[in-house]
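Encoded as structure tokens, the structure appears first; notes follow it.
The values are calculated or read from the model by the stated rules, or taken from the named source; none is laboratory data. Keep in mind that what you see is a predicted model, and the values were worked out from it rather than measured. Quick reminder, even Gly has a Cβ in these numbers, built from the backbone with ideal geometry, and neighbours come from all protein chains shown. Each accessible area value is taken on the protein alone, full model and side chains, heavy atoms only, with ligands, DNA and RNA left out. Shrake-Rupley method; radii C 1.70, N 1.55, O 1.52, S 1.80 Å.
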Amino acid sequence: MDPVVAVEIGTTKTLVLVGERKEDGRVLITGMGMAESAGVRKGEVLDIDSANLSVSSAIKQAEETSSVDIGTVHVAVSGGHIESFPNRGKLSLAGGGEITPEDVEQVTEIAQAVSLAPDREIIHTIRQSFTIDESHRVERPEGMHGAQLALDILVVHGVRNRLMAPVKPLKQLGIEVLDVVFGGLASAMAVLTPEQKSSGVILIDLGGGTADCVVYVDGYVASAGSLAVGGDHVTRDIVIAFKTSIAQAERLKRDSGCVRPGRGAPQRLTVTSDTGMPERTVDAVSLSAVIEVRVEEMFRVLRSKFVPDALLRRVGAGVILTGGGARLGGMDVVAGRVFELPCAVARPREVDGIAAADAPECSACLGLIEHGFRDTGSGPRSSAWKKIFGSLFTR
Amino acid sequence: MKKASLTPARVMVAGVGGVGCRVVGKLRGASAVSLRRLAMDTDSRSLEECGVAERLLLGSSTGRGAGAGGDPVRGRNAASETAEELRAAFVDASVVVCVAGLGGGTGTGALPVALRAAREGGSLALAMFTTPFGFEGRRRRDIALNGFGELREHADVMAAVSSDRLIESVGNASVEESFSLAEDALSGALTGMCSLASGRALFGVDMENVRRLFRENGGLFAISHAESSGPGRGVAAARAALRSPLIGGDGLGAASAVLVSIVGGRDLRIGDVSEAMDVVAQALPESAEMSMGIAMDDQLDRVAVTLLVLEGAGEQPQGRLHTDEPGQPAAAPQGDEKPRRRSGTKARDDKLTADHAGRDRFRGSEMTTFDGEDLDTPTYQRKGIRIAD
């Protein structure tokens, strides 16, 4: 089977992973390329020429490590414009006969026929569940009997131009983009277990410019979207509050975390002196407070936007954090407090091959690779995705 | 879409205030003839003396050509009054290089207005300026720092000659010599840059690329310029430019990007160019980006190398200025350390730094809001949390 290549042009870094499937079905990461991103703000590619440099450098590294000539890729996208809403399609069944695959196809088309603002485009339509005669919820309605078949889907959508932005630098390099996947969903594929999904779980991928959120209940995606608040906001708050450089703020952030220092912990933290200026210190309590109020607010906004109380009540497996921002100390504590649920930081599961890929930063790309292998099959889901992306990305 | 390539862009060089006008007046070589030059000042006498044909008296109706008296507010008001004429003067230019001395009334106050006028007309706006010497006193330095903050808003690219770095190399120069040296350094670099734009460039520099470097790193280009003749002139000029204290004096170790301009006369040889480039490339850290332009200038009998050096991307506070505390020994040996601002100016300078670093971080992106609240503003500020010292 051909290797699958995943690309994520993130706010902080551009990551390329090459995955190959072994004979026993396990996926081996054989190539990796990483470059500092340029021209990316809040998860969105704003300057294509700059992004081009980081993308080509990361692609080249990945080609060298994997010895694969990269021609096609799957791309993860993020950005505060990415939202979702549930939609239901209904189909009356003549004579209450047996439900056929054609009925399923027809109700899928009805459910997917949504109207969006003219500048928006569907990224995913994700099947949730079928309902027969408005009472029986089933996963596979084929062969069952009823007078009406309904299908609930989640429509994930975003602004067309912004979705296209990461595709352009790749095209300029002569690389074909097979499809574009919302980064939060990609991370969920890499991080969450089927048990967590069926118990109900909130996945939050904390990036440099965005926080992607995906909520699963009863095994299906109930809500998804992205908030344009990320690690850069925390860094910038520190820059402004303590008058440091960005590099100094990054180090203070890492040293402090977002939980107040306990008794016995140092009361002052040293600002590393990288400019030849005299060394100085900042108050550790103030620093952690600046970070904590930002992080707490971010989780509160995520909860308000993407996890209505009705959904939250159905989440049994807690909150799972991933992405580079999950490394910040105390994130799980704050998230647990805001969502009133247990919270854990998760790395991607089962990574073979390049060990560095087993990091929370790599979740989205690893999920993309998993998706890439799954997608090469010809399931109904894959054809729907292709149909959607066909119009958008293969111009 | 801006038209922003230096070749064969329509470049205009505009001197703003006394220093700016003098520097533009000193422009030598073919570019002095072929480029459009404009001198603007609030002082009618300085305009007459600068030797630039096209002149614009700023604030003629209120200031009557008497200068700005060192007050940047007056400089700015005068320029705003003349903004219409400024826009008209820049209308054909695709690149406008505004040259000034920061710290004075007209240079500091009118420079941002001129840059804005250039941008409004769709031109790429470059600011090239000198910073005040430490001995000029705290007031001028404060004016320069304040003005610098505003410049960031209006300039696409900024390049500076740090007077305090300059003085390291000249030691005991007289006050008059010092000013003259700063102006020479700026005019040399300007000549180098403009040669690339004079239509004789053999190998142009993509200004859009320069702008991108600048925008991403958010810093400031330091300028260095050197010329040499005779055998081995390419190497000699490159080495001299690298040694200049204006770029730190210890090579390009901290550089994140370098723009190199090599200008020679009719007898410029490929050897001159490649040798000079080798010297620069070797001094450059591997991670640094290098852009190069080569130009011929009939009126030049030597090889001139100009370096614009962008230092320490991301690692440095953004928007810093090299200024010294007045009264301090200006030529204090610094070892490997580059001259940095001192504690006396820290609070104010850092404020400026922080604000601009912060804004840059999200520049061009949509503001993040929720329930009418601007989430880009630090949460602690919106919640009124006090920061303990």
Residue under question is A:Val180, and the condition is that it be more than 14 Å from every other protein chain (Cβ to nearest Cβ), under 21 Å from A:Arg349 (Cα atoms) and buried (at least 21 other Cβ atoms within 10 Å of the Cβ); does it hold?
no
Just wondering, is there one or more residues in the range B:36-48 that are among the hydroxyl-bearing types (Ser, Thr, Tyr) and free of Cβ contacts under 8 Å to residues at least 60 places away in the same chain?
yes
Hey, does the range A:1-16 have a residue that's basic (Lys, Arg), within 18 Å of the chain's Cα centre (by Cα), within 14 Å of chain B (Cβ to nearest Cβ) and buried (at least 20 other Cβ atoms within 10 Å of the Cβ)?
no
Scan A:Thr235, A:Thr210 and give me the residue that is within 14 Å of chain B (Cβ to nearest Cβ), touching an Asp or Glu at 6+ places or on another chain (Cβ under 7 Å) and closer than 18 Å to A:Glu361 by Cβ.
A:Thr235
A:Thr244, sole failed condition from (1) assigned to a helix (DSSP H, G or I); (2) within 9 Å of another protein chain (Cβ to nearest Cβ)
(1)
Going through (1) among the hydroxyl-bearing types (Ser, Thr, Tyr); (2) farther than 30 Å from A:Thr193 by Cα; (3) in contact with a Gly (Cβ under 9 Å, 6 or more places away or on another chain) one by one, A:Thr272 fails only at (3)
Is it the case that A:Leu185 is crowded, with 16+ Cβ neighbours inside 10 Å, in a strand (DSSP E or B) and either within 14 Å of chain B (Cβ to nearest Cβ) or under 16 Å from the mean Cα position of the chain (by Cα) (or both)?
no
Of the numbered conditions (1) within 12 Å of another protein chain (Cβ to nearest Cβ); (2) within 30 Å of B:Gly253 (Cα to Cα); (3) out of contact with any strand residue (DSSP E or B) (no Cβ under 9 Å at 6 or more places or on another chain); (4) crowded, with 19+ Cβ neighbours inside 10 Å, A:Lys253 fails exactly one; give the number of that condition.
(1)
Only one of A:Gly19, A:Gly25 is of a type in the set (Gly, Ala, Ser), more than 28 Å from B:Arg212 (Cβ to Cβ) and modelled with pLDDT of 90 or more, namely A:Gly19
Sort through A:Gly31, A:Gly19, A:Gly95, A:Gly89 and tell me the only one that's more than 14 Å from every other protein chain (Cβ to nearest Cβ) and in a helix (DSSP H, G or I).
A:Gly95
Criterion: surrounded by fewer than 19 Cβ atoms within 10 Å (Cβ to Cβ) and on the phi > 0 side of the Ramachandran plot - qualifying residue of A:Ser57, A:Ser67
A:Ser67
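Quick one: which strands (runs of 3 or more DSSP E) lie wholly within the range A:259-361 and hold at least 1 residues that are closer than 24 Å to B:Thr368 by Cβ?
On the way: elements: A:268-271, A:280-283, A:319-322, A:343-345.
Per the criteria, A:319-322, A:343-345.
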Report yes if A:Pro169 is assigned to a loop (DSSP other than H, G, I, E, B) and either in the same structural domain as A:Lys90 (by TED's automatic domain parsing) or open to solvent by less than 60 Å² (accessible area, probe 1.4 Å) (or both), otherwise no.
no
